[in-house]
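What follows is a single structure, written as structure tokens, with notes after it.
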Amino acid sequence: QVQLVESGGGLVQAGGSLRLSCAASGLTFRSYAMGWFRQAPGKEREFVAAMSWSGSSTNYADSVKGRFTISRDNAKNTVYLQMNSLKPEDTAAYYCAADLLGRRSVSESQYDYWGQGTQVTVSS
């Protein structure tokens, strides 16, 4: 059974940093593209970042380019999202997801497995 478990969320002041982790089990980690999405109160879930299994290809939402970095450690079956220069508008529940076809898609519907999410709150 595939499981994705996020961790690392919390409360941080604007301008601060946070690193999210997503531990995967029950799948061949290298064969999947991994993505991060977020959902703020009253808003639809939006794409944040994605990476191929090899780490050679990445996609970022315009809103986080230059501030967030996605990475993965296949030996640990873990994907990370390093978030720097955080803003109050980054406040959301963050979810990691796996795409069987390795597409690194920006579309939520193209991911097959999802974690339960971890809350990130950025105060001003």
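The values are calculated or read from the model by the stated rules, or taken from the named source; none is laboratory data. Quick caveat: nothing in here was measured; it's all calculated off a predicted structure. Neighbour counts run over all protein chains shown; Cβ positions are idealised from the backbone, glycine included.
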What strands (runs of 3 or more DSSP E) completely inside region 1-120 contain at least 2 residues that are free of Cβ contacts under 8 Å to residues at least 24 places away in the same chain and surrounded by fewer than 16 Cβ atoms within 10 Å (Cβ to Cβ)? 68-73
Criterion (within 16 Å of Y111 (Cβ to Cβ) and modelled with pLDDT of 95 or more) met by exactly one of A33, A14, A50: A50
Of a type in the set (S, T, N, Q), at pLDDT below 95 and closer than 10 Å to M34 by Cα: does that describe S124? no
